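Values in this text are rule-based calculations from the coordinates and carry no lab data. These numbers were taken from a predicted model, which means no experiment stands behind them. Here the Cβ positions follow ideal geometry from the backbone for every residue, glycine too, while neighbour counts run over all protein chains shown.
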């Protein structure tokens, strides 16, 4: 029996569920997945960014219940310190936490304009002006980290919490054909080739459920 349960939303649409799942995989946590239906009104509201509180994903482990993705990452870094979710160096760790926090609390225009949809692919998609500063900021973060720490991941040769936090952005850029500079494109490709990402993406494409409000609008 698995030692933990991770409750997630749609694999196709839920970027926060993807982040939490990646963090659990990185931590080598023994966990089972409980998936909620998008027909659930509360879950649907969260997916459509209509809910002020996000209670999914939720990790239950050893008596703890954690329902915020960044908190799940910090919890796993605490209980699985050898997994390397956060860099061992104090300065790098602070930098990692900063860019994770920026993703956690920001980029609303990007989320609204380019919702995660792994089954879809659009050509000549027009990104509205409000999202462009968010996209530029993502590229700046990636380039800064890759220049400073040498890649192929944001904090060097090993995956960290930061890569899990920005992985859904890579899927968004692929779905909507966002033009990337060479450095950003190479990083995005490395993330999409991460075996855990391939596993999640393959499962998402088999999901029978559809969120019509997203599929019809974009």
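Quick one: if the Förster radius is 30 Å, what FRET efficiency do residue 186 and residue 82 give, using the C-beta to C-beta distance and rounding to 0.05?
Details: r = 28 Å, r/R0 = 0.95.
With R0 = 30 Å, the Cβ-Cβ based efficiency is 0.60.
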Could you work out the helix-only [θ] at 222 nm for the chain, with each DSSP H run of four or more residues adding -39,500 (n - 2.57) and the total divided by the number of residues, to the nearest 500 deg cm²/dmol?
-> -16000 deg cm²/dmol
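Going by how many other beta carbons lie within 10 Å of each one, how would you line up 90, 172, fewest first?
Values: 90 8, 172 22.
Ranking 90, 172 by Cβ neighbours within 10 Å, fewest first, gives 90, 172.
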How far is the Cα center of segment 63-121 from the Cα center of segment 148-178, in Å?
-> 11
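Taking the mean number of other Cβ atoms within 10 Å as a proxy for protection, how do you rank 80-88, 8-16, 122-130 from highest to lowest?
Working: 80-88: 16.3, 8-16: 24.0, 122-130: 10.4.
Output ranking for 80-88, 8-16, 122-130: 8-16, 80-88, 122-130.
Going by a ≥ b ≥ c, the root eigenvalues of the Cα gyration tensor, does segment 90-200 fall in the rounded group (a/c under 1.5), the prolate group (a/b larger than b/c) or the oblate group?
On the way: a/c = 1.73, a/b = 1.38, b/c = 1.25.
Prolate, since a/c reaches 1.5 and a/b exceeds b/c.
I'd like the antiparallel share, as a percent to the nearest 5, of DSSP beta bridges with both residues in the chain. Walk me through the intermediate numbers first.
Values: 8 of 13 bridges.
Close to 60 percent.
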